[in-house]
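Report on one structure; see the data block that follows.
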Amino acid sequence: MPEWVITLLRSTGLFLLALFLVRLMGKRSTSSLTFFDFVTVIVIGVIIATLSLNLIPNGINGLVTLAVWTIFPALVYLLSIKYKAVRDIVHYKETVLINHGKILEDKLMKVRYTPEDLLSALRKKNIFNIDNVEFAVMEPTGDVSVLLKKGKQPITAKTTGMPVGMESVPQTVMLDGIIMDEALTAMGLNRQWLHTELEKVGVAPENVFIGQVDSGGQLYIDLFDDAVIVPAPKTKELAYVTLRKAQSDCEAYALATIDQDTKGMFANSAKILLEVANELEPWLKQ
Amino acid sequence: MTVASEVKQTLASLKGVASTLETFALHEENEESNELLTRNTQRVKEVIDYFEKRLATMEFEEPEYKGF
């Protein structure tokens, strides 16, 4: 057999072995590698490369090294899941860099960070002013996580006291023109309903790229043909506007009526409708 | 437009809203939202009742405006 055929076979075998080993290592994404992961991966990579190029005189030695470097990390991972002490050694603990808005210089030294490094890490999080930071911590992976001071945090519906409608997860009922029966059933709907809804907006099922149903049973679709404009469902907005209109009508009737009882009835109706509109506003206006 | 026909129009749109809300309540699985929708549908229906009673009186007093 010529030399290159042997190399080919060896490399193919090692390639398959590497695929298997990577599976064995588990499912951590490359962006969250700890230093220990990093070392392991490099060692395994180098061993496989030297083996497949036959740089090691005795192939068995190489395979043994490979076995040690895959089995040990796998073992350490298993142990680290079970025991916190092992975890702290292998994965490091997180290091607090800024606490109560004050930079901890000794901790910075411990993780070998210069002030420039810290500033740059903060800038990556869109923070240009140290003063905005309440707390910052370096994760075991080397990323810096930051908690902003209360006043500098982005506003949420809760901090502004704004009521929000509860919304369940929308279901994707059509993908690439294919109807997802499972999702439809989960919403308590069927194909017949979907066809009717599509007919209402005048769209052929084959033309639908993505179709989603929200918690109120409204269908939102995106078409393959982007030249066709699909009207967005307006039922919710329409219901809200109609409520408001009816409320102001009631007020007008109350003003126009002379009979005291009737006047009271219309005024009361207006009041009820106003309450209804206010309560439903977050749900209907999403 | 007469008062009666205006009231009838408002009544019709209220009935529309009530049934829309009912449809939403049927679809909604989140309990909190469902409760919100059902409760408010009831309130709209209450107003519809007032309107219907008022219309009945109107039609009794002025039979010439009976019907649509």
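Side notes on the structure shown:
- What the Cβ-Cβ distance of A:Lys84 and A:Glu116 gives, at R0 = 51 Å and to the nearest 0.05, is a FRET efficiency of 0.90.
- Once C-alpha pairs closer than 8 Å and six or more residues apart are averaged by separation and normalised to the residue number of chain A, the relative contact order reads 10 percent.
- Total charge dipole magnitude, the protein assembly as shown, about the Cα centre, Cβ charges on Lys, Arg, Asp, Glu only, Debye to nearest 20: 1900
- Among A:Phe209, A:Ile221, A:Ala239 - extreme Cα towards positive end, dipole of the range A:199-241, charges at beta-carbon: A:Ala239
- Carbon plus sulfur fraction of accessible area for chain A, probe 1.4 Å, in percent: 64
- Projecting label points 7 angstrom from Cα along Cα→Cβ for A:Leu55 and B:Thr57 puts them 9.8 nm apart.
- Degrees, to the nearest 10: A:35-52 long Cα axis against longest axis of chain A: 50
- Mean separation of Cα contacts under 8 Å, 6 or more apart, over the residue count of the range A:176-233: relative contact order %: 29
- Both chains summed, the buried accessible area for B and A stands near 2600 Å², from protein heavy atoms and a 1.4 Å probe.
- A crude spin-label estimate for the pair A:Val41 and A:Val241, with each label 7 Å from Cα along the Cβ direction, gives 5.4 nm.
- Using the Cβ-Cβ distance between A:Asp131 and A:Lys158 with R0 set to 30 Å, the FRET efficiency works out to roughly 0.75.
- Net charge dipole size for the range A:3-89 [Lys, Arg +1 and Asp, Glu -1 on Cβ; Debye, nearest 20]: 380
- Size of charge dipole - the range B:3-65 - debye, nearest 20, with Cβ of Lys, Arg +1 and Asp, Glu -1, no other charges: 100
- On a per residue basis, the convex hull of the C-alpha atoms belonging to the range A:3-89 measures out at 95 Å³.
- Residue with peak Gaussian network fluctuation, chain A [Cα springs, cutoff 10 Å], from A:Lys234, A:Lys150, A:Lys125: A:Lys234
- Value of relative contact order over the range A:236-284, rounded to a whole percent, pairs C-alpha under 8 Å and six or more apart: 49
- Members of A:Lys124/A:Lys149; A:Lys124/A:Lys158; B:Lys15/B:Lys53; A:Lys152/A:Lys236 lying beyond 23 Å, as alpha-carbon distances in this model show: A:Lys124/A:Lys158; A:Lys152/A:Lys236
- Comparing B:Lys53, B:Lys45, B:Lys15 in a Gaussian network model of chain B, where Cα atoms under 10 Å apart are tied by springs, the biggest mean-square fluctuation is seen for B:Lys53.
- Taking the C-alpha atoms only, the angle from helix A:191-201 to the longest principal axis of chain A is near 70 degrees.
- The calculated FRET efficiency for A:Asp261 paired with B:Glu31, based on their beta-carbon distance and R0 = 45 Å, is about 0.70.
- For A:Glu134, distant residues with modelled amide H under 5 Å away: A:Leu147, A:Leu148, A:Lys149
- Among the lysines of the range A:1-114, pairs at least eight places apart or on separate chains and with Cα atoms under 26 Å apart come to 11.
- With the simple spin-label model, which puts each label point 7 Å out from Cα in the Cβ direction, the A:Leu75 to A:Glu182 separation comes to 4.0 nm.
The values are calculated or read from the model by the stated rules, or taken from the named source; none is laboratory data. This structure is a prediction, so every number in the text was calculated from the model and none was measured. No Cβ is skipped: glycine too gets one built from the backbone with ideal geometry, and neighbour counts run over all protein chains shown. Side chains included, ligands, DNA and RNA excluded: accessible areas come from the protein's heavy atoms. Shrake-Rupley method; radii C 1.70, N 1.55, O 1.52, S 1.80 Å.
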